[in-house]
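The next block holds one structure in the form of structure tokens; read it before the comments.
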Amino acid sequence: MTELKRISLIEDDADIRAIAEIALADIGGFDLQMCASGEEAVERVPSFAPDLLLLDVRMPGLSGPQTLNRLKQHPECAHVPAIFLTADSRSDQSRQLLAEGAMAIVAKPFDPMQLAGELSSLWQ
């Protein structure tokens with residue numbers, strides 16, 4: 001598998017985007033694209049060609065799973081793995097997200113000092 005370098009974060013909460021930017025771009029050294037909505041992601045993510053999608057589950061408009069479904073329709077994104085961020089870590093929701101194609105679930109709130117390492121470990 002190739003090295004994890006480019007991550008698209010789709011998250012509607014500006015505070016979480018700011019923390020993730022520090023965790024992933026500043027600390028982790030990843031090339032990070034941030035989108036504030038599923039609709040924005042559908043427009044911008046395919047041309048960014050990320051290695052990994054990191055999606056919030058609950059967003060206004062398109063939810064994380066709906067956004068993933070739309071992105072997977074683009075040839076550039078069809079095989080890009082996805083990890084969902086969620087504050088709701090019920091096992092039934094986690095099973096559903098994994099069934100919908102997620103490679104993993106990361107619970108919110110996440111530790112900004114550990115997030116880059118956690119994503120790298122999941123990538124391996």
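The values are calculated or read from the model by the stated rules, or taken from the named source; none is laboratory data. Keep in mind that this is a model prediction, so the values were computed, not measured. Neighbour counts are summed over all protein chains in view; Cβ atoms, including those assigned to glycine, are modelled from backbone coordinates with ideal geometry. These area figures cover heavy atoms from the full protein model, side chains too; ligands, DNA and RNA do not enter into them. Shrake-Rupley method; radii C 1.70, N 1.55, O 1.52, S 1.80 Å.
What residue among ALA107, PRO75, THR86 has its Cα farthest toward the positive end of the dipole of the chain, where the charges are +1 on Lys, Arg and -1 on Asp, Glu, each on the Cβ?
PRO75
Can you list residues whose amide H is under 5 Å from LEU85's amide H, if they're 5+ apart or on another chain and H is modeled 1.01 Å from N?
Those lying under 5 Å, H to H, from LEU85 are LEU55, ASP56, VAL57, VAL106.
Given a 1.4 Å probe and every protein chain left where it sits, what share in percent of the accessible area of the chain is carbon and sulfur?
Of the solvent-accessible surface of the chain, carbon and sulfur hold 50 percent.
Of the beta bridges DSSP finds with both residues in segment 8-87, what % are antiparallel, to the nearest 5?
The antiparallel fraction comes to roughly 0 percent.
Looking at segment 26-124, which trypsin sites (Lys or Arg not before Pro) are DSSP coil and have at most 11 other C-beta atoms within 10 Å of their C-beta?
Those satisfying the criteria are ARG90.
For segment 74-81, what does the Karplus curve 6.51 cos²θ - 1.76 cosθ + 1.60, with θ = phi - 60°, yield as ³J(HN,Hα) per residue in whole Hz, taken in order and with x for Gly and Pro?
Values, residue by residue: 8, x, 5, 10, 4, 10, 7, x Hz.
Filter the GluC sites (Glu not before Pro) in segment 1-109 down to the DSSP loop ones having no more than 13 other Cβ atoms within 10 Å, then list what survives.
GLU3, GLU76
Specify the inter-centroid distance of segment 98-116 and segment 71-94, based on alpha-carbon positions, in whole Å.
Spelled out, the Cα-based centre of one part sits 10 Å from the other.
Heavy-atom accessible area per residue, segment 1-121, 1.4 Å probe: how many Å²?
Spelled out: the 1.4 Å probe surface of segment 1-121, per residue, equals 50 Å².
Over the chain, what relative contact order in percent results from Cα pairs under 8 Å that are six or more residues apart?
RCO, the chain: 26 percent.
Send over the per residue convex hull volume for the chain, Cα only, as a whole number of Å³.
Spread over its residues, the Cα hull of the chain gives 94 Å³ apiece.
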